[in-house]
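Peer 1: Can you read through this structure? Questions will come right after.
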Amino acid sequence: MKRRADLFETQLSDKYTMTEGPIWINGTQVITRLLLEQSRLDTRNGLKTAGFVSGYRGSPLGGVDQALMQEAKLLKDHRIKFEPGVNEDLAATSVWGTQQANIYPTASYDGVFGLWYGKAPGVDRSGDVFRHANRAGSSKYGGVVALVGDDPACKSSTLPSNSIGALREFQIPVLTPTDIEDLINLGLAAWALSRYSGCWVALTAITAIMDSATTLRTEKLNFSFECPETELDPHIRLIDTPQEQELRIASKIALAARFGAVNNLNHITVDSDRPKLAILGVGKAYTDVRQALRLIGFADEQTLAAIGVRIVKIGQVWPLETTHVKELLKDVPAVLVVEGKYPYLEDSLKSILYGKDAPEIEGRRTRHGKELFPTVGEISCDMIVRALIDVFRDHGISIPRSDLALGETWGSTHTPANASRLPLYCPGCPHSVSTKIPEDSRALAGIGCHYMVQWMDRNTHTFTHMGGEGANWIGQAPFVDDQHIFVNLGDGTYFHSGLMAIRACVAAGVNVTYKILYNDAVAMTGGQAVEGDLTVDDIVRQVLAENVSAVHIVTDDPRRYEERSYEVSHRDDLNRVQEQLRQVKGCTILIYDQVCANELRRRRKRGLIPKKMKRVVINDAVCEGCGDCTRASMCSAIEPIITDLGVKRKINQTACNQDLSCMQGYCPAMIEIEAELVEPETVQIDLSSLPNPTVALPTSANILVAGVGGTGVVTLSQVLGMAATIEGKHASNLDMTGLAQKGGAVFANVRISDNEVLRTQISERETDVLLGSDLVTSLSQESVTTLDNTRTNIVVNTHLVPTSKFVLQRQADIENSELVNQLAAFGQTLKTIDADRLSVRVSGASTTANMTLLGYAWQLGLIPLKAASIEQALTINATLVKKNILAFRAGRKFALDSNFLDISGQPEQAMFPKVERTLPELIDDRIAFLTEYQDAKYAARLQTFADKIQNVEKQVAGDSEELSRLAVETYFKLLATKDEYEVARLLTHPNFQRFMDSQFTNVHSFQFAFAPTWLPRAQKSKVRVDSWVRVFLRLLAKFKVLRGTILDPFKHIEERKFERKLLRDFDEMMNSLITNLKEENFSSAIELIRCYSEVRGYGHVKQASWDRVAERVKALKNSIITAPEKATQTDSVEA
């Protein structure tokens, strides 16, 4: 890295090649750096070694394999072989083989250093391998490091995890890094320890480290380790009996403990001449302890030493050398142990130090028995703060912060809004369809993205560990009345170990259908290919060889299987195929073949497959807003659109993956076209010369970015970190993602300073700047507890991304203005910007919105970086560079002049855009609409109705118009029911053509999808009709004069009868309401009318929406109207 002027010149590859100066690197990338450093270290020491890596992906190690594959050439140049494992235990066995190479005379290297990686469940499944391989030992110039991914907070796992206990049981020494820098230093120490002791060595890699990034000073890395003389040869031997291995393991563990002591893997970082208390921090907890001490007022080490505090950093939690432990805690009367979920170190210390002169040891509990740390969840910095306050007060140690010294408690008192984001399937995800099951069936969930089906209404519950899917049915089946069950099994899991579960079900003879979800990519961890290039043909051959009863393939493109002999159906026939398979005795297989939506998008962007031209467009005037299209597709690209006729649905064409499954919704508003999108019209404006902020930029800041997965929050945090590195500043970030890639909440904790920063999550009330990329996430518990209304400056994007409540329950989200008002209470300042709309106007892409938000915050003087370094970081990122820089500058310009572009008040692209009207204006508009719908005489009914309801509301509620407005809109909707004539009129309306022209170009095909209303429900299915039908539709629209007459051919259809009965029922109800309306039942009257307004959709969808409110309507009518009412049942009413 070279310095030019006041900025460093850097490039992305520096993180692996630079040996001096700062680099910006994340937890996943540092594993590649660690391997390269070991190779370089061996070369410098005159050794000819090679490296071998194998393991299995899984959060927090989900991206390790991708990082290694991206640097394949660099690894090859350093003689490092990466071989992804089929599963964890086979990968561990492969690594075991690297140590066996040098017991043969044919070895071509002095040794092979091995690295195994896997998350905690992989440790559990690999226990037998670990036990055997560790007893066998490592080679003299090889060594093995097991990188163990623990997820103590269960951010992206099925259970919280801590693997130290299991590793200790396997007699594998355990090193616990505190941050990314420590991960390299202790990683190199781990190989040295493995070579010295003959043991495998575990290196814990928890989520908080692997999901972080930091400015790393390469010159601070440690490459020197002392290996004490020993007469024992602990290394792997060609002939070594189990008894000899057991005999030697105790000596090897002693060597490991000695190595840790001699190399100060556990060492004092702050000492006192007269210590009152020693605080031991294990792994990440050490950094959290240091941060907690700063928060309660201990600004430097001298202050801590003066009051009698000793701090010990624990890098090797097991094994411990007794004499070294006693030396570390010499002359200390009391010890506080801060570690992970379980008291491994605390228990070890109590054993080692047992005796009359032993210090008091506190950890989980104080010496008085009070709980200090919970045994569930992850130990956070804020928990440590509270524990330190209790312990310091108990031991008479003064606390610098006067408020805490006087007895005040630590922490946030904020009450968060009821706002949250539940992860969902990506737009076009195959699981949106594949996880459906027939009525009266149930299914078992599995590991993978399809796991999320459990919080969707699909009667799918319970899951197993990876590879056990369906085997639990063997134990259930004899004891339940269910005769059959479906089991979801991902293709990655199938290849990992799931085939064994299928074999078990075949052997047990249970009736089960495995749905193997073949997506051609492991989407949960980044879209990697399934190892072994697994194909559908491979799976068919394998399961047939297992003697399954039947195999059936369901796919979005059956043409791929035209020359196959096995049964293949289109995915539209999924329900039929499942109903057939559940009747077959034994174990059957349904392979659902459709490429992962995210991977499909990537391949299209890279030109690996042609772009798809087919799209779906919704005629929002025909749309009822019922959400049946969402029910059919479970697609988050279907979004709400506020129109003049209510909240309808639209397709977000940018997010849409062109899956087309939404066309299965029972609605004539869905139209399939083959066309190109009109490029957004951008405004050409000179943003090259902008003044600096009027206030001085801060030198440091804690920045919390709160947003939605897949919108660039992680990119924003990485840009900030890289910009800080370019300036020579210190920075760290922690990206808390979990299932964020599926539209869930994501947070980036970014710390930037001129001085060294502690690499920790932002604590309660410690955020200086909140960059609210998403309003809902900004108001979540995780966000608002870090805010302080005397400290935090909030900059928030007002664009509201629909939540799971809209997708899963078809409920409207909270208005963004309401969310903004709630958020304002948590900060000292709040600034808003519609970053999405501005970025589209300037750069043509909403994907640059976060850079617009950053530019706005920067110009307000809140970001401790130079604009030039941010733009250089965007250039290095090499993705949409010009557009991102333009968006960044547009945000800056908006801070200087919010009116430089008119982005406020623009109505959404709709056939009838939303218009704010007075009540009389609303009535006039709806009368005009009804006149077009039928005629003036028909429309006059609304005026008569409106006059009556306004008069009675005025008598009861004065100037209120709430009831009248709601009643007018509801009555209008019931009058303007969308029958065949109206649908024809709206589908051929000039406004729809104008809408189409504004959104699409080069339209090659145009298909309507109708479900004829005259067919019985059991026979209803959507029929595709080409554009020629528009001639017929225009003609049909003109026949509206027949509506309701004796000549109306649609008059006696059940749906039309139901709508007429609903209108009569509403008329009768309103007449009674007008007579009985009082102040005390006013709110009930509004709720009653709103029930009728919720009846929407077509055919059985509309009937179902009425069924949902019918009982409530009856109860409300009984509470409001004293006179006996006619029944409201509408199921079989003859018009």
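The values are calculated or read from the model by the stated rules, or taken from the named source; none is laboratory data. Fair warning: this is a prediction, and the values are worked out from it, not measured in the lab. Reconstructed Cβ throughout: ideal geometry from the backbone, glycine too, with neighbour counts over all protein chains shown.
Peer 1: Mind checking which residues of the range 574-616 are of a type in the set (Gly, Ala, Ser) and farther than 20 Å from Gly498 by Cβ? Break it down stepwise before answering.
Peer 2: As a first pass, look at the range 574-616 and keep what is of a type in the set (Gly, Ala, Ser): 586, 597, 607.
If the condition is that a residue be of a type in the set (Gly, Ala, Ser) and farther than 20 Å from Gly498 by Cβ, then Ala597, Gly607 are the ones that fit.
Peer 1: Take the range 770-784 and flag every residue that is in contact with a Gly (Cβ under 7 Å, 6 or more places away or on another chain), assigned to a loop (DSSP other than H, G, I, E, B) and not polar (S, T, N, Q). It would help to see each step written out before you state the result.
Peer 2: Let us first name the residues in the range 770-784 that are in contact with a Gly (Cβ under 7 Å, 6 or more places away or on another chain), namely 770, 773-774, 777-778.
After this cut, where a residue has to be assigned to a loop (DSSP other than H, G, I, E, B) as well, the list is 773-774.
Scanning the range 770-784 gives a single hit, Asp774.
Peer 1: Within the range 922-959, work out how many residues are surrounded by 18 or more Cβ atoms within 10 Å (Cβ to Cβ) and touching a Ser or Thr at 6+ places or on another chain (Cβ under 8 Å).
Peer 2: Total meeting the criteria: 5.
Peer 1: Just need a number here: residues in the range 126-143 that are within 15 Å of Arg237 (Cβ to Cβ), of a type outside the set (A, V, I, L, M, F, W, C) and part of a helix (DSSP H, G or I).
Peer 2: 3
Peer 1: Which members of the range 70-97 meet the condition of being assigned to a loop (DSSP other than H, G, I, E, B), farther than 30 Å from Tyr494 by Cα and under 36 Å from the mean Cα position of the chain (by Cα)?
Peer 2: The answer is His78, and nothing else.
Peer 1: For Ala50, state whether it is closer than 27 Å to Ser224 by Cα and either among the small types (Gly, Ala, Ser) or touching a Ser or Thr at 6+ places or on another chain (Cβ under 6 Å) (or both). So that I can check it myself, show each step before the final result.
Peer 2: Values: closer than 27 Å to Ser224 by Cα: yes; either among the small types (Gly, Ala, Ser) or touching a Ser or Thr at 6+ places or on another chain (Cβ under 6 Å) (or both): yes.
So Ala50 fits the description; yes.
Peer 1: Here's something else I'd like to know. Within the range 370-396, take every residue that is of a type in the set (Asp, Glu) and crowded, with 20+ Cβ neighbours inside 10 Å and give me the one that is farthest from Leu159 (Cα to Cα).
Peer 2: Residue satisfying both the conditions and the ranking: Asp382.
Peer 1: Moving on to the next point. Being free of Cβ contacts under 8 Å to residues at least 40 places away in the same chain and in contact with a Gly (Cβ under 9 Å, 6 or more places away or on another chain) narrows it down to one of Ser126, Ser161, so name that one.
Peer 2: On the way: Ser161 fails: free of Cβ contacts under 8 Å to residues at least 40 places away in the same chain.
Within the list Ser126, Ser161, the selection yields Ser126.
Peer 1: Being in contact (Cβ under 8 Å) with a residue 12 or more places away in the chain, in contact with a Gly (Cβ under 9 Å, 6 or more places away or on another chain), surrounded by 19 or more Cβ atoms within 10 Å (Cβ to Cβ) and of a type in the set (Asp, Glu), is that true of even one residue in the range 659-667? Break it down into steps so the answer makes sense when it comes.
Peer 2: Restricting attention to the range 659-667, the residues satisfying the condition of being in contact (Cβ under 8 Å) with a residue 12 or more places away in the chain are 659-667.
Now narrow it down to the ones that are in contact with a Gly (Cβ under 9 Å, 6 or more places away or on another chain): 659-661, 665-667.
Going one step further and asking which of them are surrounded by 19 or more Cβ atoms within 10 Å (Cβ to Cβ), we end up with 659, 661, 665-667.
With of a type in the set (Asp, Glu) added as a condition, the list becomes 659.
Yes, the range 659-667 contains at least one residue that is in contact (Cβ under 8 Å) with a residue 12 or more places away in the chain, in contact with a Gly (Cβ under 9 Å, 6 or more places away or on another chain), surrounded by 19 or more Cβ atoms within 10 Å (Cβ to Cβ) and of a type in the set (Asp, Glu).
Peer 1: Do you know which residues across the range 538-587 are aromatic (Phe, Trp, Tyr) and either assigned to a helix (DSSP H, G or I) or not assigned by TED's automatic domain parsing to the domain that holds Asp520 (or both)? Show your work before the answer.
Peer 2: Of all residues in the range 538-587, those aromatic (Phe, Trp, Tyr) come to 561, 566.
Across the range 538-587, the qualifying residue is only Tyr561.
Peer 1: When both residues are 6+ apart or on different chains and their Cβ atoms are under 6 Å apart, which pairs have a first residue that lies in the range 338-352 and is more than 21 Å from Pro152 (Cα to Cα), and a second that is in a loop (DSSP other than H, G, I, E, B) and modelled with pLDDT under 95?
Peer 2: Here the result reads none, with nothing in the range 338-352 linked to a residue that is in a loop (DSSP other than H, G, I, E, B) and modelled with pLDDT under 95.
Peer 1: On the given criteria, is Glu639 part of a strand (DSSP E or B), acidic (Asp, Glu) and modelled with pLDDT under 90? It would help to see each step written out before you state the result.
Peer 2: Numbers: part of a strand (DSSP E or B): yes; acidic (Asp, Glu): yes; modelled with pLDDT under 90: yes.
Considered against the rule, which asks whether it is part of a strand (DSSP E or B), acidic (Asp, Glu) and modelled with pLDDT under 90, Glu639 comes out as yes.
Peer 1: For the range 276-336, please list each of the strands (runs of 3 or more DSSP E) lying entirely inside it that holds at least 3 residues being touching a helix residue (DSSP H, G or I) at 6+ places or on another chain (Cβ under 9 Å) and β-branched (Val, Ile, Thr).
Peer 2: Values: elements: 277-282, 309-314, 316-318.
Qualifying strands (runs of 3 or more DSSP E): 309-314.
Peer 1: Of the residues that sit in the range 455-483 and are surrounded by 15 or more Cβ atoms within 10 Å (Cβ to Cβ) and not in a loop (DSSP other than H, G, I, E, B), which one is modelled with the lowest pLDDT?
Peer 2: Only one residue tops the list, namely Thr460.
Peer 1: A follow-up question, please. Only one of (1) over 27 Å from the mean Cα position of the chain (by Cα); (2) assigned by TED's automatic domain parsing to the domain that holds Ala845; (3) touching a residue at least 40 places away in the same chain (Cβ under 8 Å) fails for Glu756. Which number is that?
Peer 2: Of everything listed in (1) over 27 Å from the mean Cα position of the chain (by Cα); (2) assigned by TED's automatic domain parsing to the domain that holds Ala845; (3) touching a residue at least 40 places away in the same chain (Cβ under 8 Å), Glu756 misses just condition (3).
Peer 1: Among the residues of the range 95-141, write down those that are closer than 20 Å to Pro173 by Cβ and among the β-branched types (Val, Ile, Thr).
Peer 2: Taking the range 95-141 as the starting set, the residues that turn out to be closer than 20 Å to Pro173 by Cβ are 95-96, 98-99, 111-120, 122-124, 126-141.
Across the range 95-141, the qualifying residues are Val95, Thr98, Val112, Val123, Val129.
Peer 1: Go through (1) within 27 Å of Pro427 (Cβ to Cβ); (2) not assigned by TED's automatic domain parsing to the domain that holds Glu782 and name the single condition Ala745 misses.
Peer 2: Unmet condition: (2).
Peer 1: Are there any pairs with C-beta distances below 9 angstrom linking a residue in the range 380-409 that is within 16 Å of Glu766 (Cβ to Cβ) and small (Gly, Ala, Ser) to a residue that is modelled with pLDDT of 90 or more and in a helix (DSSP H, G or I), with the two at least 6 apart or on different chains, and if so which?
Peer 2: Ser380/Asp288
Peer 1: Would you pick out the residues in the range 326-342 that are under 30 Å from Pro160 (Cα atoms) and out of contact with any strand residue (DSSP E or B) (no Cβ under 7 Å at 6 or more places or on another chain)? Step through it out loud before you land on a result.
Peer 2: Here is the first cut: in the range 326-342, the residues under 30 Å from Pro160 (Cα atoms) are 335-342.
Within the range 326-342, Lys341, Tyr342 meet the criteria.
Peer 1: Count, please, the residues in the range 230-247 that happen to be in contact (Cβ under 8 Å) with a residue 40 or more places away in the chain and more than 46 Å from the chain's Cα centre (by Cα). Spell out how you get there, then give the answer.
Peer 2: Here is the first cut: in the range 230-247, the residues in contact (Cβ under 8 Å) with a residue 40 or more places away in the chain are 234-238, 240, 242, 245-246.
When the remaining residues are screened for being more than 46 Å from the chain's Cα centre (by Cα), the result is 237-238, 240, 242.
Selection size over the range 230-247: 4.
Peer 1: Scan the range 974-1002 for residues that are acidic (Asp, Glu) and touching a helix residue (DSSP H, G or I) at 6+ places or on another chain (Cβ under 8 Å) and jot them down. It would help to see each step written out before you state the result.
Peer 2: Start the filter on the range 974-1002 by keeping residues that are acidic (Asp, Glu), which leaves 979-980, 982, 997.
Residues satisfying the conditions are Asp979, Glu980, Glu982.
Peer 1: Shifting gears a bit: Filter the range 257-302 for residues that are among the basic types (Lys, Arg) and either buried (at least 16 other Cβ atoms within 10 Å of the Cβ) or within 36 Å of the chain's Cα centre (by Cα) (or both) and give the result. Write out each step before concluding.
Peer 2: Let us first name the residues in the range 257-302 that are among the basic types (Lys, Arg), namely 258, 274, 276, 284, 290, 294.
Once the filter is applied, which keeps residues that are among the basic types (Lys, Arg) and either buried (at least 16 other Cβ atoms within 10 Å of the Cβ) or within 36 Å of the chain's Cα centre (by Cα) (or both), the range 257-302 yields Arg258, Lys276, Lys284, Arg290, Arg294.
Peer 1: Mind listing just one residue for me: the one in the range 56-93 that is of a type in the set (Gly, Ala, Ser) and in contact (Cβ under 8 Å) with a residue 24 or more places away in the chain and, of those, surrounded by the most Cβ atoms within 10 Å (Cβ to Cβ)?
Peer 2: Step one: filter the range 56-93 for residues of a type in the set (Gly, Ala, Ser), giving 58-59, 62-63, 67, 72, 85, 91-92.
Among the residues that remain, those that are also in contact (Cβ under 8 Å) with a residue 24 or more places away in the chain are: 58-59, 62-63, 67, 85, 91-92.
Numbers: Gly58: 24, Ser59: 20, Gly62: 22, Gly63: 21, Ala67: 19, Gly85: 25, Ala91: 23, Ala92: 31.
It comes out as Ala92.
Peer 1: Now, a different point. With the requirement that a residue be assigned to a helix (DSSP H, G or I) and touching a helix residue (DSSP H, G or I) at 6+ places or on another chain (Cβ under 9 Å), what does the range 98-125 give you? Full working, then the answer.
Peer 2: Taking the range 98-125 first, the residues assigned to a helix (DSSP H, G or I) are 98-103, 120-125.
Correct list: Gln99, Gln100, Ala120, Pro121, Gly122, Val123, Asp124, Arg125.
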